[in-house]
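Structure record follows, encoded as structure tokens.
The values are calculated or read from the model by the stated rules, or taken from the named source; none is laboratory data. All values reported here derive from a predicted model rather than from experimental measurement. Every residue, glycine among them, receives a Cβ derived from its backbone with ideal geometry; neighbour counts consider all protein chains shown. Side chains are part of the model used for accessible areas, which takes the heavy atoms of the whole protein and leaves out ligands, DNA and RNA. Shrake-Rupley method; radii C 1.70, N 1.55, O 1.52, S 1.80 Å.
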Amino acid sequence: DAKTTQPPSMDCAEGRAANLPCNHSTISGNEYVYWYRQIHSQGPQYIIHGLKNNETNEMASLIITEDRKSSTLILPHATLRDTAVYYCIVRVSYNQGGKLIFGQGTELSVKP
Amino acid sequence: DTGVSQDPRHKITKRGQNVTFRCDPISEHNRLYWYRQTLGQGPEFLTYFQNEAQLEKSRLLSDRFSAERPKGSFSTLEIQRTEQGDSAMYLCASSLGQGGREAFFGQGTRLTVV
């Protein structure tokens with residue numbers, strides 16, 4: 001079963017920051033938080049991941065709370081092409097196979 | 001293109017027929033995962049390989065399903081005696097078998113059973 005909880009949908013104005021929340025209150029100490037997104041009819045696309053520290057790459061920033069029970073994915077300047085379903089995933093540890101257990105995700109609609 | 005490749009992209013088959021899908025992972029990725037995704041749902045884990053060894057199978061993987069990765073490189077997923085409920089997108093992903101490394105997905109094979 002998925003270990004994350006996300007809002008089913010969100011809207012964001014084009015050019016504004018999109019902040020997508022995720023709760024993962026049962027995360028274990030060696031489990032990473034991963035974010036993927038999926039545009040209709042395509043395979044999931046990796047965005048970012050983190051363990052404890054905040055992370056930033058060319059696509060997004062990931063803010064993880066100190067107790068690791070929640071995180072926020074930030075798309076700093078959302079574009080229409082960022083419209084997709086965003087999945088927050090607690091990845092099973094390497095020794096348990098490292099599989100990704102997807103939940104329902106958040107459907108983000110970026111509007112002009 | 002050095003990403004994960006899946007073939008075919010689309011497959012339409014009649015109920016009761018057998019189908020086989022292929023996945024070519026990123027070179028040197030020792031872990032390979034299969035997922036199934038139905039409309040409106042997130043991908044569901046089916047099975048994974050560490051090199052050529054199949055280490056875990058989900059309860060979703062009925063006895064009509066079989067997956068192989070004979071030389072630890074490409075993998076095949078076969079469905080025997082297909083049913084309409086097998087209609088879905090079948091996704092493959094690969095990663096290096098180390099903690100904290102990302103998994104990359106292919107574009108999937110969309111199966112329609114008529």
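So the values come out like this:
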quantity	calculated
Size of charge dipole - chain A - debye, nearest 20, with Cβ of Lys, Arg +1 and Asp, Glu -1, no other charges	140
Point-charge dipole on Cβ atoms (K/R +1, D/E -1) for segment B:1-97, about Cα centre, debye to 20	320
For chain A, share of DSSP beta bridges that run antiparallel, in % to the nearest 5	85
When the protein assembly as shown is reduced to its Cα atoms, the Kirkwood hydrodynamic radius in Å	18.1
Three principal axis lengths of chain B [C-alpha, angstrom, descending]	40, 26, 24
Dipole magnitude of the protein assembly as shown about its Cα centre (Cβ charges: Lys, Arg +1; Asp, Glu -1), debye to nearest 20	460
Those Cys residues of the protein assembly as shown for which no other cysteine Cβ falls under 4.7 Å	A:Cys12
Label zone at A:Ser25, where the point sits 7 Å out along the Cα-to-Cβ direction: segment A:54-88 residues whose backbone N lies under 20 Å	A:64-73, A:88
Accessible surface, 1.4 Å probe, highest first, among residues A:Arg81, B:Arg31, B:Arg15	A:Arg81, B:Arg15, B:Arg31
Residue-level accessible surface for A:Ser70, protein heavy atoms, 1.4 Å, Å²	30
Translational diffusion of chain A, µm² s⁻¹ [Kirkwood Rh, Cα pairs; Stokes-Einstein; 20 °C; 1.002 mPa s]	153
Pair-distance profile P(r), taking every C-alpha pair of segment A:1-60, with 10 angstrom steps and integer %	16, 49, 32, 3
Farthest toward positive dipole pole in chain A [+1 Lys/Arg, -1 Asp/Glu at C-beta], among A:Ser70, A:Ser9, A:Ser93	A:Ser93
Förster radius 35 Å - calculated FRET efficiency between B:Glu102 and A:Lys111 (Cβ-Cβ, nearest 0.05)	0.75
With 5 Å bins from 0: P(r) over segment A:52-96, alpha-carbon pairs, percent	5, 16, 23, 25, 16, 10, 3, 1
Estimated FRET transfer efficiency when R0 is 41 angstrom, pair A:Asp11-B:Lys71 (beta carbons, to 0.05)	0.30
Beta bridges by DSSP in the protein assembly as shown, antiparallel share as percent, to the nearest 5	85
Per-selection Kirkwood Rh - segment B:53-113 (Cα, Å, 1 d.p.)	13.4
Relative contact order for chain A, counting Cα pairs under 8 Å that sit 6 or more residues apart, in percent	37
